[in-house]
Amino acid sequence: MRFYRLRDHGSIDNLVVEQGPEPQIAPDEVRVRIRAVSLNARDLMMVFGPSPYGPKPGIIPVSDGAGEIVACGSAVTGIAPGTRVVIPFRPGWIDGPLEAGSIATDLGGAVDGVLAEQVAVAARAVVPLPDAVSFEQAAAMPCAGVTAWTALDRGAPLGPGRTVLVLGTGGVSIFALQIARAKGCRVIATTSTDAKADRLRELGARDVVNYRDCPQWSRRILELTDGRGVDRVVEVGGAGTLPQSMAALAPEGEIALIGLLADPMNQISPLPLMRTMGVIRGISVGSRADLAALVDCAATHFAPVIDRVFAFDEAPAAFAHLASRRHFGKVVIRV
Ligand SMILES: NC(=O)c1ccc[n+]([C@@H]2O[C@H](COP(=O)([O-])OP(=O)(O)OC[C@H]3O[C@@H](n4cnc5c(N)ncnc54)[C@H](OP(=O)(O)O)[C@@H]3O)[C@@H](O)[C@H]2O)c1
């Protein structure tokens, strides 16, 4: 089979195609013929790293993949070859609260990932796909989609009458918009261009603020909410955007702290949280159960937004496209 190896850090040129034997499966594993993978900001950190998440040298990169089972280990029951599945970002976290040790199973960082024609994975981790969800759509979900899901699913319940703020138009934020709309929430979004703002409105954002034209965007968000603020912020900017996210928070609202896209060295004061009795919750993707719930929700309510699909041989170009930040939603590679 063919697979990509990330031979070293620092450049997309270090992604090279190699050929090797099909992966062996343990008795409790299945072998999946990968049909599509999607890229995340984290995959760029792995290439340009080293990052706090790794990777180990010479890794097979990328965490998010979907395909069909082609072989089952001798102890596997309840799932058979031919089943279409999506693989969780963190196969060691099946359900319930975060299991700290499971972080060592993160694909494409702690261990080899899915930018390969075939992979071996624990049978209990894979999530079967309904016919309504394509391989490309499913491959979009494990990291960005599940992160958006947990950001909105944990903490105080969200629904009609609640307002969610999403920042930018990357994979996590677009999923968060779609999930928040599926829950009946009002969505306010920020973005960098008017063209992206139009697309955000088409997806159901009631209001959009261009953060380049309006650097103090939290003031605009307070105006849009009659001074109350938002109940949940899907915070992908990190230290660079957190002061404004805190300023835009409604009483007892919650910030789901996810990313580090903006100015990670910014010094911030937590004092505004006392004014609102606000909460900051760190998010670390989610479990297999969260992925299964997201697959169900998407099958019923929305199609994940795929910006562009690249061929397997074009994987380096797909990484470069993600790095350009011209994308809207997810960048996918067909395998
Ligand atoms: N904690 C976790 O479990 C977890 C899981 C997944 C991702 N993450 C992190 O979450 C972040 C987003 O990941 P992703 O895969 O969705 O990224 P992505 O697809 O690469 O998103 C990039 C987009 O974010 C927007 N953006 C960039 N700089 C911004 C800024 N200063 N303020 C507001 N928006 C900005 C831009 O959209 P516009 O042009 O529309 O502004 C850009 O196109 C990354 O830092 C990633 O590492 C964390």
Practice problem: Taking Gly238 as meeting all but one of (1) modelled with pLDDT of 95 or more; (2) surrounded by fewer than 24 Cβ atoms within 10 Å (Cβ to Cβ), write down the number of the exception. | Solution: (1)
Quiz item: Considering the range 272-317 alone, what residues qualify as being within 14 Å of the chain's Cα centre (by Cα), among the aliphatic types (A, V, I, L, M) and either within 14 Å of the ligand (Cβ to nearest atom) or assigned to a loop (DSSP other than H, G, I, E, B) (or both)?
Solution: Ile283, Val285, Leu291, Leu294, Val305, Ile306
Practice problem: Kindly indicate whether any position in the range 205-220 is in contact with a strand residue (DSSP E or B) (Cβ under 9 Å, 6 or more places away or on another chain), more than 11 Å from the ligand (Cβ to nearest atom) and touching a residue at least 40 places away in the same chain (Cβ under 8 Å). | Solution: no
Practice problem: Select from the range 272-288 the residues that are closer than 24 Å to Ile103 by Cα and buried (at least 18 other Cβ atoms within 10 Å of the Cβ) and list them in ascending order. | Solution: Ile283, Val285, Gly286, Ser287, Arg288
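Select, from Asp194, Asp231, Asp198, the only residue that is under 20 Å from Glu254 (Cα atoms), of a type in the set (Asp, Glu) and in the same structural domain as Asn266 (by TED's automatic domain parsing). Explain how you work it out, then say what you get.
Working: Asp194 fails: under 20 Å from Glu254 (Cα atoms); Asp198 fails: under 20 Å from Glu254 (Cα atoms).
Within the list Asp194, Asp231, Asp198, the selection yields Asp231.
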Quiz item: Any residue in the range 262-271 that is loosely packed, with under 15 Cβ neighbours inside 10 Å, at pLDDT 95 or above, more than 9 Å from the ligand (Cβ to nearest atom) and not aromatic (Phe, Trp, Tyr)?
Solution: no
Practice problem: Only residues in the range 283-299 that are in contact (Cβ under 8 Å) with a residue 40 or more places away in the chain and more than 21 Å from Phe135 (Cβ to Cβ) count as the first member; pair them with residues that are in a helix (DSSP H, G or I) and within 13 Å of the ligand (Cβ to nearest atom), Cβ under 7 angstrom, at least 6 apart or cross-chain, and list the lot. | Solution: Ile283/Thr147; Ile283/Thr150; Ile283/Ala151
Quiz item: Within the range 167-188, which residues are in a helix (DSSP H, G or I), small (Gly, Ala, Ser) and more than 13 Å from the ligand (Cβ to nearest atom)?
Solution: Ala180, Ala182
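Criterion first (in contact with a helix residue (DSSP H, G or I) (Cβ under 9 Å, 6 or more places away or on another chain), outside the structural domain of Val133 (by TED's automatic domain parsing), in a loop (DSSP other than H, G, I, E, B) and of a type in the set (A, V, I, L, M)) does Met246 satisfy it?
Numbers: in contact with a helix residue (DSSP H, G or I) (Cβ under 9 Å, 6 or more places away or on another chain): yes; outside the structural domain of Val133 (by TED's automatic domain parsing): yes; in a loop (DSSP other than H, G, I, E, B): no; of a type in the set (A, V, I, L, M): yes.
No; evaluated as a whole, the condition is false for this residue.
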Quiz item: Which of the following residues is modelled with pLDDT under 95, among the small types (Gly, Ala, Ser) and not in a loop (DSSP other than H, G, I, E, B): Ala138, Ala104?
Solution: Ala104
Practice problem: Look through the range 244-261, keep the residues that are crowded, with 16+ Cβ neighbours inside 10 Å and more than 22 Å from the chain's Cα centre (by Cα), and return whichever of them is farthest from the ligand (Cβ to nearest atom). | Solution: Ala250
Practice problem: Of the numbered conditions (1) over 25 Å from Val126 (Cβ atoms); (2) in contact with a Leu (Cβ under 8 Å, 6 or more places away or on another chain); (3) among the hydroxyl-bearing types (Ser, Thr, Tyr), Tyr4 fails exactly one; give the number of that condition. | Solution: (1)
Quiz item: Is the range 66-84 home to any residue that is touching a helix residue (DSSP H, G or I) at 6+ places or on another chain (Cβ under 6 Å) and crowded, with 20+ Cβ neighbours inside 10 Å?
Solution: yes
Practice problem: Could you tell me which residue of the range 144-186 is modelled with the lowest pLDDT, considering only residues that are under 17 Å from the mean Cα position of the chain (by Cα) and hydroxyl-bearing (Ser, Thr, Tyr)? | Solution: Thr169
Quiz item: For Ile59, are the conditions met, namely being modelled with pLDDT under 95, touching a strand residue (DSSP E or B) at 6+ places or on another chain (Cβ under 9 Å) and assigned by TED's automatic domain parsing to the domain that holds Ala317?
Solution: yes
Quiz item: For Ala189, are the conditions met, namely being under 14 Å from the mean Cα position of the chain (by Cα), surrounded by 23 or more Cβ atoms within 10 Å (Cβ to Cβ) and either of a type in the set (Gly, Ala, Ser) or not assigned by TED's automatic domain parsing to the domain that holds Thr83 (or both)?
Solution: no
Exercise. Pick out the one residue from Arg35, Arg42, Arg90, Arg31 that is in a loop (DSSP other than H, G, I, E, B) and either within 16 Å of the ligand (Cβ to nearest atom) or crowded, with 17+ Cβ neighbours inside 10 Å (or both).
Key: Arg90
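The values are calculated or read from the model by the stated rules, or taken from the named source; none is laboratory data. The structure displayed is predicted, hence computed values, not measured ones. FYI the Cβ positions are ideal-geometry reconstructions off the backbone, even for glycines, and counts take in every protein chain you see.
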